[in-house]
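Worksheet: one structure, shown below.
The values are calculated or read from the model by the stated rules, or taken from the named source; none is laboratory data. Note that the structure is a prediction, hence the values are computed from the model and not measured. Backbone-built Cβ (ideal geometry, glycine too); neighbour counts: all protein chains shown. Please note that ligands, DNA and RNA were not included when accessible areas were found on the heavy atoms of the full protein model with its side chains. Shrake-Rupley method; radii C 1.70, N 1.55, O 1.52, S 1.80 Å.
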Amino acid sequence: MPAKDVYHDCVKNALLKDGWKITHDPYTMTFGAKDVFADLGAEKPLAAEKGDEKILVEIKSFRGSSDMRDLEIAVGQYVLYRSLITRLEPDRKLFLAVPIGTYDGILREPIAQPVIEDTQIEFLVFDPQKEIIIKWTS
């Protein structure tokens, strides 16, 4: 099992504050003989007739020595996890959780825009100091 991201507890707390129930920490996806681990699985009740909304959250800090390398890793992991989750639990939606500084920084750079558009990454943007969710993108 991989080490937790530096923002793991922050995002978990932000989800709890926003009314989510953490169902998996981490969320294990097994396909064939291999496992991968997304950071968090969560559910939130919807209207009685609709059941629960289910999400999968992969947290990325973008604190490495190269923001471009961090972007490459995050996009690759997101695409891999989305491919698996659509086969294993298609009603669960995947989000890439990033701090607001990353979202307003490297993810707004022209080089990142075509990749985000083409891969249709959905973001959970959070404030690491306040431990709150700033926005969801889709």
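Summing Lys, Arg as +1 and Asp, Glu as -1, what charge do residues with Cβ under 12 Å from the Cβ of residue 104 carry, residue 104 excluded? Spell out each step's value before the answer.
On the way: positive: 108, 135; negative: 109, 127.
After counting each charged neighbour, the total is 0.
Could you run the Karplus curve 6.51 cos²θ - 1.76 cosθ + 1.60 with θ = phi - 60° over the range 56-63 and give me ³J(HN,Hα) per residue in whole Hz, x for Gly and Pro?
For the range 56-63, the Karplus-derived couplings read 10, 10, 10, 9, 10, 8, 6, 10 Hz, x marking Gly and Pro.
Between rounded, prolate and oblate, where does the range 20-101 land on the alpha carbon gyration tensor, with a ≥ b ≥ c its root eigenvalues, rounded for a/c under 1.5, else prolate if a/b exceeds b/c?
Values: a/c = 2.41, a/b = 1.48, b/c = 1.63.
In terms of gyration-tensor shape, oblate.
Amide H neighbours of residue 126 under 5 Å, at least 5 residues apart or on other chains, H built in the peptide plane: list them.
For residue 126, whose amide H was placed from the backbone, the distant partners under 5 Å are 98, 100, 134.
How much of the accessible area of the chain, probe 1.4 Å, is carbon plus sulfur, in whole percent?
51 percent
Calculate the dipole size of the range 3-67 relative to its Cα centre from +1 charges on Lys and Arg beta carbons and -1 charges on Asp and Glu beta carbons; express the result in debye to the nearest 20. All intermediate terms of the calculation are to be shown ahead of the outcome.
Details: 10 positive and 12 negative charges, 14 e Å.
Dipole magnitude for the range 3-67 comes out near 60 debye.
Say a paramagnetic label sat at a point 7 Å from the Cα of residue 34, along Cα to Cβ; which residues of the range 78-98 have their backbone N under 12 Å from it?
80-81, 84
Using helices alone, what [θ] at 222 nm do you get for the chain, with -39,500 (n - 2.57) per DSSP H run of 4 or more residues, divided over all residues and rounded to the nearest 500?
Numbers: 4 runs with 44 residues, N = 138.
Calculated at 222 nm, the ellipticity per residue is -9500 deg cm²/dmol.
When the chain is fully extended, how far beyond the present Cα-Cα distance does residue 88 get from residue 100, taking 0.36 nm per residue of separation?
On the way: separation 12, 0.36 × 12 = 4.32 nm, distance 3.02 nm.
Length difference between fully extended and current span is 1.3 nm.
Under a cut-off of 20 Å between alpha-carbon atoms, report the lysines in cross-link reach of residue 130, not counting same-chain residues fewer than 8 places apart.
Residue 130 reaches 4, 12, 17, 21, 60.
Along the charge dipole of the chain, which of 134, 94, 119 sits closest to the positive end, that is, farthest toward it, with unit charges on the beta carbon of Lys, Arg, Asp and Glu (+1, +1, -1, -1)?
94
Can you tell me the dipole magnitude for the chain around its Cα centre, using point charges on the Cβ only (Lys, Arg +1; Asp, Glu -1), in Debye to the nearest 20?
On the way: 18 positive and 23 negative charges, 36 e Å.
In debye, rounded to 20, the chain gives about 180.
Report ³J(HN,Hα) in whole Hz for each residue of the range 22-29, in order, from the Karplus equation J = 6.51 cos²θ - 1.76 cosθ + 1.60 where θ = phi - 60°; Gly and Pro get x.
Result, rounded to whole Hz: 6, 9, 9, 8, x, 9, 8, 10.
Could you run the Debye sum over the Cα atoms of the chain, one equal point scatterer each and no solvent, and tell me log10 of I(q)/I(0) at q = 0.09, 0.12, 0.18, 0.20 Å⁻¹, two decimals?
-0.25, -0.46, -1.05, -1.29
Given points 7 Å out from each Cα along the Cα-Cβ axis, report the residue 63 to residue 17 separation in nanometres with one decimal.
1.8 nm
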